[in-house]
1. Quick one: what are the phi-derived ³J(HN,Hα) couplings along region 107-112, Karplus 6.51/-1.76/1.60 with θ = phi - 60°, whole Hz, x for glycine and proline?
2. Quick one: which residues, 5 or more positions from Phe217 or on another chain, have an amide H under 5 Å from its amide H? H modelled 1.01 Å from N in the peptide plane, none for Pro or chain starts.
3. Connecting C-alpha atoms closer than 10 Å in a GNM of the chain, tell me which of Leu156, Leu102, Leu205 has the biggest fluctuation.
4. Amide H of Lys121 versus every other amide H placed in the peptide plane: which residues, excluding those fewer than 5 positions away on the same chain, fall under 5 Å?
5. Give, rounded to the nearest 20 debye, the magnitude of the charge dipole that the chain has about its Cα centre when Lys and Arg contribute +1 at Cβ and Asp and Glu contribute -1 at Cβ.
6. Explain nothing, just compute: Karplus ³J(HN,Hα) = 6.51 cos²θ - 1.76 cosθ + 1.60, θ = phi - 60°, for every residue of region 83-96 in order, whole Hz, x for Gly and Pro.
7. Once the Cα atoms of helix 146-156 and of the chain are each reduced to a long axis, what angle between those two axes, in degrees from 0 to 90 to the nearest 10, is obtained?
8. Mean shadow of region 7-241, computed from the convex hull of its alpha carbons, in nm²?
Amino acid sequence: MPDTLSNSTVERFKIEVAACTRLLNNEGILGYSGHVSVRLPDRESLLIQSFDASRNDLSPEDLFIVDLDGNVLDGPSEGRPVNEVEIHSEVLRARDDVNAVLHYHPEIATLFTMTEGIELKPMKNHAYRWASGIPTHPESWHIDTKERGEAMTRTLGNHNAVMLRSHGAVIVSENIPALMVDAVHFDENAKAMYDSAQVGKPIPLSPEETAEFAANFKRDKHAVKLWRYFLSRGLETGAIPKEWGETLAPTERV
Ligand SMILES: [Zn+2]
């Protein structure tokens, strides 16, 4: 483990990543092979889960610390990090404002990478987060090399999400609770666009509408509220162990 990181700090982040993974799975969003990462306070390393650990009961012990070149610095004595760790490392290298990354394979949002004439756009007010656009990376293969990670990160640019053609999505946020909330809204928005296309021609939010919403929206308070809600559901269903509750109690820090 890097010398600059304390055990208690790393342990707290490990519990957050494991909890976010379990909560997103608990809500039917993450699925069997999505993954969540967080940048550690040394800014040069991140936490990412092992390749084959179950997303349903991921534990802090299943997480590796890797540097931005994907080298393992600490973690389980057996196994290896997920295949597409380059998604996380290259985004964190390029984007100083990002500390948490989700890659997953949402069914509905990915439909929009496989169709002509309709693109995923902000439909619901919380999708203001993606008002600058949701680009689609044109390559459908796994992002499992540095070069592919760099190319995908160029497609992401300064946006807050990128679709991977016929594959999935990458969402970027400032911390783990905010990432969880963004993932929930990203799925809601994709479903809204899909459903509205069944009824008529979708009318995305205008730049003026998203700007007005963003100007009046308290993102930190909203993230705390929803983190508390999903955490409570996770504790109730047993998806989250009770002993994690205190570490995960929401605080405003965005
Ligand atoms: Zn993938």
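Throughout, read-outs are computed from the coordinates displayed, never taken from laboratory work. On a predicted model such as this, the values are computed, not experimentally measured, just so you know. As a convention, Cβ positions derive from the backbone with ideal geometry for all residues, glycine included, and neighbour counts pool all protein chains shown.
1. 4, 6, 4, 5, 3, 6
2. none
3. Leu205
4. none
5. Values: 26 positive and 39 negative charges, 155 e Å.
Computed charge dipole of the chain: roughly 740 debye.
6. Residue by residue, region 83-96 yields 4, 9, 4, 5, 4, 6, 5, 6, 5, 5, 5, 8, 10, 5 Hz.
7. It is inclined by approximately 40 degrees.
8. Values: hull surface 50.5 nm².
One quarter of the hull surface, i.e. the mean projection, equals 12.6 nm².
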